[in-house]
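*Asks:* Mind having a look at this structure? Questions to follow.
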Amino acid sequence: MGGRFRRKGGVVISLGGHPEHVAGVTIEGYGEDRSDTGIETIGRDPFLIFYASTDKKNRTIVTTEVSKPSKKRANRQIPDVCRDLGIRCINNFQLLNELDFWTSWK
């Protein structure tokens with residue numbers, strides 16, 4: 001077959017052995033939908049949101065998702081959950097602006 005397996009790099013976040021806090025973020029941010037489909041739809045977002053919630057002054061979530069306040073339960077977007085939990089959330093363009101990143105491209 002000759003194909004190569006390539007492992008993607010990633011960020012490893014230690015949750016400090018507090019899965020109950022991640023569950024709390026899931027319940028507060030997305031509701032108490034405990035169905036397998038609901039949990040699968042939510043994915044890993046609660047882990048990221050929990051991590052940011054542990055140091056709200058120094059952590060910001062950067063996402064490509066846009067706010068969709070009409071979405072409910074497992075279909076909620078990261079910006080809406082962050083807003084409700086008091087966690088700072090910005091998009092890629094806001095990040096570049098805050099970092100004062102620019103190019104001379106025209």
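Throughout, read-outs are computed from the coordinates displayed, never taken from laboratory work. Just so it is clear, the structure is predicted and the values come from calculations on it, not from any experiment. When we count neighbours, we look across all protein chains shown, and the Cβ atoms used for this are built from the backbone with ideal geometry, even at glycine.
*Asks:* How large is the convex hull of the Cα atoms of region 19-98 per residue, expressed in Å³ as a whole number?
*Replies:* Here the figure is 83 Å³ per residue.
*Asks:* Starting from the Cα-Cα distance between residue 39 and residue 92, subtract it from 0.36 nm times their residue separation and give me the gain in nm to one decimal.
*Replies:* Length difference between fully extended and current span is 16.5 nm.
*Asks:* Taking amide hydrogens as modeled 1.01 Å from N in the peptide plane, which residues meet the under 5 Å criterion relative to residue 90, leaving out close sequence neighbours?
*Replies:* Here the answer is 61, 62, 63, since their amide H atoms fall under 5 Å of that of residue 90.
*Asks:* List the aspartates and glutamates whose Cα sits under 14 Å from the Cα of residue 68, skipping any in the same chain fewer than 8 residues away.
*Replies:* 80, 84
*Asks:* Summing Lys, Arg as +1 and Asp, Glu as -1, what charge do residues with Cβ under 14 Å from the Cβ of residue 66 carry, residue 66 excluded?
*Replies:* +2
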